[in-house]
Amino acid sequence: MVSDFEAQVRATNDKINARTGRPLAIAITVGLLLGLFLVLSLVVFKELFMLFAGLLIVFATYELATALRSAGRDIPRIPTVFAAVAVVPLTFYFLDAGHWFATLAGIALVSLWRIAEVMRPSARVPFRELVKDLGAGVFTMAYVGFLASFTVLLTARDGGEWWTLAFLIVVVSIDTGAYASGLAFGKHKMAPVISPKKTWEGFAGSVLAAVIAGVLLALFMIGQPWWVGIILGATMVVTATGGDLAESLVKRDLGIKDISSFLPGHGGVLDRIDSTLPSAAAAYVLFLIFA
């Protein structure tokens, strides 16, 4: 009796894993641990959020630089990681000016480092290849370092930590709503070439989850009218879905399933935060408008 029940549980779990493309139990455990540390860093001592964001940026930047190197783009990984993580404290303490200055200075550092490398006779490359390498370095800094630091910029503002927590909860709600709705009703593929597992039914579930979460968070967390919650939820649906599809397109071009395997059940750190990157920038704009 017990063995039959265990066999049924394993069979069901295998079906879910096959449908989602990753071990669900491990993914949920890792997600909960990350969420717990995130909440503590925002609610208890928001300066601690710099450490949280910095660690994620370190791993995500290294992952993307490594993946691009495997595709033939020579990006200096250590300088790129250093430049990306340096954006965090400068953004936190100097706000918008620090955010832009650190990003542009980081792009300059990575570009000059690569140019210095090819100046050696043994490392010469065609000019066209050098331009591609420089473009890949700029993309890495802009995509991870710049966009991810919008969470730091938002958190550093007075009361911004609650907006950061709110928009992240909405993004999680979007992922959860899309997963549950897609798993139960998903039939019509949304972008089969880019992301085969996304369905329009899942997207509908993400919209519903985002609006509900947005309204509740607007009323009870960030002190805004209910209609601001609808705007927040709708905006996050667009940015989160776009961010997810954008990273899927990058991985498709690189010919890989996951950007890395740093996070069990999730693939890489960038796989986990892809929908958050453009959402952070959008949330900061909404904060400036409404808060």
* To do: For segment 109-121, take each phi angle, set θ = phi - 60°, evaluate the Karplus expression 6.51 cos²θ - 1.76 cosθ + 1.60, and give the result in whole Hz per residue in order, putting x for glycine and proline.
  => 4, 5, 5, 5, 4, 5, 5, 4, 4, 7, 6, 6, x
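Hey, any idea what % of segment 87-188's accessible area is carbon plus sulfur with a 1.4 Å probe?
73
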* Karplus couplings for segment 195-208 from phi (6.51 cos²θ - 1.76 cosθ + 1.60, θ = phi - 60°), rounded to Hz, Gly and Pro as x? -> 9, x, 8, 7, 10, 5, 5, x, 5, 4, x, 5, 5, 4
* Using the Karplus equation 6.51 cos²θ - 1.76 cosθ + 1.60 (θ = phi - 60°), what ³J(HN,Hα) coupling, rounded to whole Hz, does each residue of segment 220-231 give in order, writing x for Gly and Pro? -> 10, 10, 9, x, 10, x, 4, 6, 5, x, 5, 4
* Structure fact -> The Rg/Rh figure for segment 170-258, Cα atoms and Kirkwood Rh, to two decimals is 1.06
* **By accessible area with a 1.4 Å probe, ligands and nucleic acids excluded, highest first: order of 93, 179** => 93, 179
* Heavy atoms of residue 69 accessible to a 1.4 Å probe, total area in Å² rounded to 10 -> 90
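Say R0 is 35 Å: what FRET efficiency, to the nearest 0.05, do residue 55 and residue 122 get from their beta-carbon distance?
In this case the efficiency is close to 0.50.
Which pairs in the list 197/251; 46/198; 132/251; 132/198 are over 25 Å apart, alpha-carbon to alpha-carbon?
46/198; 132/198
With a 1.4 Å probe and all protein chains left in place, how much accessible area per residue does segment 54-101 have, in Å²?
With all protein chains present, segment 54-101 gives 45 Å² per residue.
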* Structure fact -> Semi-axes of segment 35-120 from the Cα gyration tensor (sqrt of 5 times each eigenvalue, largest first, whole Å) come to 28, 16, 7
* Asked: Roughly what would the spin-label model give for residue 254 and residue 115, points 7 Å off Cα along C-beta, in nm?
  -> 2.6
* Structure fact -> Checking segment 126-207 for trypsin sites (Lys or Arg not before Pro) in a loop per DSSP with at most 10 other beta-carbon atoms within 10 Å yields 187
* Asked: What FRET efficiency do you get for residue 187 and residue 36 if R0 is 35 Å and r is their Cβ-Cβ distance, rounded to the nearest 0.05?
  -> 0.50
* Structure fact -> Taking 37, 150 and ranking on accessible area (1.4 Å, protein atoms only), highest first, one gets 37, 150
* Structure fact -> Reported to the nearest 10 Å², residue 271 has, with a 1.4 Å probe, an accessible area equal to 20
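The values are calculated or read from the model by the stated rules, or taken from the named source; none is laboratory data. Please read these numbers as outputs of a predicted model, since none were measured by experiment. No Cβ is skipped: glycine too gets one built from the backbone with ideal geometry, and neighbour counts run over all protein chains shown. Remember, those area values only see protein heavy atoms, side chains included, never the ligands or the DNA or RNA. Shrake-Rupley method; radii C 1.70, N 1.55, O 1.52, S 1.80 Å.
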